[in-house]
1. Exactly one condition in (1) in a loop (DSSP other than H, G, I, E, B); (2) small (Gly, Ala, Ser); (3) within 16 Å of the ligand (Cβ to nearest atom) is false for Ala89; which is it?
2. Residues that are modelled with pLDDT under 95, charged (D, E, K, R) and within 12 Å of the ligand (Cβ to nearest atom), at least 2 per element: which strands (runs of 3 or more DSSP E) completely within region 115-156 meet that?
3. Is it fair to say Ala307 is more than 11 Å from the ligand (Cβ to nearest atom), in contact with a strand residue (DSSP E or B) (Cβ under 9 Å, 6 or more places away or on another chain) and either at negative phi or in a strand (DSSP E or B) (or both)?
4. Considering region 160-196 alone, what residues qualify as being among the β-branched types (Val, Ile, Thr), more than 22 Å from the chain's Cα centre (by Cα) and over 30 Å from Leu327 (Cβ atoms)?
5. Give me the residue from region 22-70 that is among the small types (Gly, Ala, Ser), assigned to a strand (DSSP E or B) and more than 9 Å from the ligand (Cβ to nearest atom) and, out of that set, nearest to Ile311 (Cα to Cα).
6. Please specify each residue of region 1-16 satisfying the condition of being aliphatic (A, V, I, L, M) and more than 9 Å from the ligand (Cβ to nearest atom).
7. For Val317, which of the numbered conditions (1) more than 30 Å from Asp195 (Cα to Cα); (2) more than 9 Å from the ligand (Cβ to nearest atom); (3) in contact (Cβ under 8 Å) with a residue 12 or more places away in the chain fails to hold?
8. Provide a single number: the residues in region 18-36 that are touching a helix residue (DSSP H, G or I) at 6+ places or on another chain (Cβ under 9 Å), among the hydrophobic types (A, V, I, L, M, F, W, C) and open to solvent by 10 Å² or more (accessible area, probe 1.4 Å).
Amino acid sequence: MVYDLIIVGMGPVGATAANLAGLWGLNALALDKAEDIYENPRAMGLDHEVMRSFDNIGLADAIASHVMPYRASLYLGGNARLIKRIETAKPPYLLGWSPNYVFSQPPVERALRKRIDDFATVKVELGCEVLGIEQAHGLSKVQVRDRHGVEHTHSSHYVLACDGGTSPIRTRLQLPMDDLAFNEPWLVVDVMLKDGAGEQLPSTNVQYCEVERPCTFVVGPGRHRRWEFMINPGESPAEIARPESIQRLISRWLPADSYTIWRASSYRFHALILQRWRHEQTFFLGDAAHMTPPFLAQGMCQGIRDAMNLIWKIALVRRQLAQPALLDSYQRERAPHVRRTTEVAKTFGQTICERDVQRAAERDARLEQQLLARPDGIMTRQALIPGLDSGFIDTSPGAGELLPQPRVRNHSGATELLDRFTGQSLRLVLAADLVDPDLLEHVRGVCAQLPLRIVQLVEAAPSVSDSADDYQEQDGVMAAWMHQYDCKAVLARPDHYVYGTAVSSVQTLALVHRLLAALDS
Ligand SMILES: Cc1cc2nc3c(=O)[nH]c(=O)nc-3n(C[C@H](O)[C@H](O)[C@H](O)COP(=O)(O)OP(=O)(O)OC[C@H]3O[C@@H](n4cnc5c(N)ncnc54)[C@H](O)[C@@H]3O)c2cc1C
């Protein structure tokens, strides 16, 4: 059998890609050399884009008990003075989900893997190590050693290398990465609070921007708390990760008998981006393609964006609804996005990691001024994540931004987030004052083969006698977005990026034809 794609590595990125492949009906084989998930948490924060992706897969309810909205983050400078405050946005939420969450990675990864079983077109093989890939006649031959030590070869049209930061596939191909010059040693400690313990701990996340030892405190779901400590020059990463050293570090907040250490690991936080994200039919995703310092909690989120960006494109190409050139937009869109996001994370890291007394004092003064300049003293983390600048998008206003996700009521009286009605499709959203049956008939005709859904917004609640495409918005986020971009129609891609916008029926039709031409070029 020739698979549409073989996914190498089932960390959070590969497992998400496997679910998305199932959602799109792709024949996929997902492999991991490990028999089980990695039991220790690494990522602790995820954002609304990831929650939206998980919900598209049908996972949001299953992981609800392992996920909690992020609290505010306080940055404390010298003498514990507040120098910066990052707040999360208040509802109604632009994308339908709280902008940031903390989560417990092992159970969420387990749920991701379990969900794959629901997709008949995706096969999973664990304990199966990929040894090499050969390309011939447009196909990939993937050599594997299974859990019994037997070697096989599987064939596919595409391979997704989701094999992590040390990516054996990338290493074998000797593909170079750009180094954005960040290289700092940190100790990460996860603890579980004992019954009734931790009352005295901060109720928000805190960045202690202290020159003696920068450190971070994160409030996790349930009893999970995390500390991250910068490792000072001359300290041994192994020595500082010993329980006695950890207890000494945490004693400033908690006595040792009030928690158990879940895990402690030392890391070097890097900022690296692959120069070429595709080698023949193999695409690189997640940590295999980029490493981001965790100060913005975006490493895994970036990888899940990779999967969201690529899978629908592969599906359209495999269904012959788009030319293979569509796949060239993967790196064109993702690489600059990752670079910009990583630069922001790096800037945050540099703010936190400042060790020079004079420069730290200047930083404190500058940030305090900025804090005073905003009466609420607030910035939101999500405002820092860019849209798409170029790639498979139009040039109209709003192109490359994320399609808002309002809560809507449909013709049968059900109220849900919009994606739950439309799924991961191309969507043409029309404002309540752009009603044109001829336009809709024409669009349906020219897009008959495409996975396109019409969303006609209406003022009054639709009833059973109305069209199944009629939706009444409940919270105004779509209307506000359309007002901001001065448009009456939005054409969105399955990964929720806006392809383009229009202000009239004529322009909408032209926009749809531009999309069709772009898919065919
Ligand atoms: C301390 C720390 C804190 C972090 N905090 C955050 C955060 O808050 N938010 C966030 O978004 N990100 C965070 N990150 C980053 C995040 O953890 C990673 O980006 C993410 O886990 C990478 O996922 P992945 O699927 O790309 O790779 P991995 O999780 O590394 O998975 C790779 C998989 O490939 C498999 N594999 C490798 N080679 C082969 C082979 N030859 N054959 C078969 N299988 C193979 C491995 O067994 C593994 O399962 C943090 C990272 C660290 C270290």
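The values are calculated or read from the model by the stated rules, or taken from the named source; none is laboratory data. Because the structure is a prediction, the values reported are computed rather than measured. All Cβ positions, glycine included, derive from the backbone under ideal geometry; neighbour counts span all protein chains shown. These accessible areas exclude ligands, DNA and RNA; they are computed on the full protein's heavy atoms, side chains included. Shrake-Rupley method; radii C 1.70, N 1.55, O 1.52, S 1.80 Å.
1. (3)
2. none
3. For Ala307, the condition - more than 11 Å from the ligand (Cβ to nearest atom), in contact with a strand residue (DSSP E or B) (Cβ under 9 Å, 6 or more places away or on another chain) and either at negative phi or in a strand (DSSP E or B) (or both) - is not met.
4. If the condition is that a residue be among the β-branched types (Val, Ile, Thr), more than 22 Å from the chain's Cα centre (by Cα) and over 30 Å from Leu327 (Cβ atoms), then Val189, Val191 are the ones that fit.
5. Within region 22-70, the match that is nearest to Ile311 (Cα to Cα) is Ala28.
6. Met1, Val2, Leu5, Ile6, Ile7
7. (3)
8. Summing the residues that are touching a helix residue (DSSP H, G or I) at 6+ places or on another chain (Cβ under 9 Å), among the hydrophobic types (A, V, I, L, M, F, W, C) and open to solvent by 10 Å² or more (accessible area, probe 1.4 Å) in region 18-36 gives 2.
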